[in-house]
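Remarks on the structure that follows.
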Amino acid sequence: MSLTVDRRWIDYLSAEDIAFLKRFVLASGTLKQLAQEYGISYPTIRLRLDRLIEKVRLIDEHTSISPFELRLRMAYADGRLDDETFRLLLEAHAESSAG
């Protein structure tokens, strides 16, 4: 029996995100242990994981959008863009793509 896995989603994650996933797996998914390893609080680790989950969901849900829009949405999910900047860039991209 052959098992195929769509690895496309992982191609959009940063090296930092992948390193975080590896440490998460090695910590047996224990956020408390992971927080200790990073030397930060549990809520900060929880926020980081929630943002990573959101990025993976965005990739899965938006398979037909342009690579630029996907990266824009991921940057927003990662907290690197504020609401207004995200909205303006998304609108500008939609206008440039329309014609």
Note on the range 51-88: residues under 12 Å from the mean Cα position of the chain (by Cα) and farther than 16 Å from SER14 by Cβ are ARG57, ASP60
Checked against (1) of a type in the set (D, E, K, R); (2) surrounded by 12 or more Cβ atoms within 10 Å (Cβ to Cβ); (3) more than 21 Å from HIS93 (Cβ to Cβ), ASP50 satisfies every condition except (2)
PHE24: passes all of (1) under 20 Å from TRP9 (Cα atoms); (2) under 14 Å from the mean Cα position of the chain (by Cα); (3) surrounded by 13 or more Cβ atoms within 10 Å (Cβ to Cβ) but (2)
Restricting attention to the range 1-19, the residues that are surrounded by fewer than 10 Cβ atoms within 10 Å (Cβ to Cβ) and at pLDDT below 80 number exactly 7
Exercise for review: Return yes when HIS93 is touching a residue at least 12 places away in the same chain (Cβ under 8 Å) and either in contact with a strand residue (DSSP E or B) (Cβ under 7 Å, 6 or more places away or on another chain) or surrounded by fewer than 16 Cβ atoms within 10 Å (Cβ to Cβ) (or both) and no when it is not.
Suggested key: yes
* Does the range 31-40 contain at least one residue that is closer than 24 Å to ASP11 by Cα and within 11 Å of the chain's Cα centre (by Cα)? -> no
When the range 55-68 is checked residue by residue, the ones that are buried (at least 16 other Cβ atoms within 10 Å of the Cβ), closer than 18 Å to LEU89 by Cβ and at pLDDT 85 or above are LYS55
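The values are calculated or read from the model by the stated rules, or taken from the named source; none is laboratory data. Remember, predicted model here, so these are calculated numbers, not experimental data. As a convention, Cβ positions derive from the backbone with ideal geometry for all residues, glycine included, and neighbour counts pool all protein chains shown.
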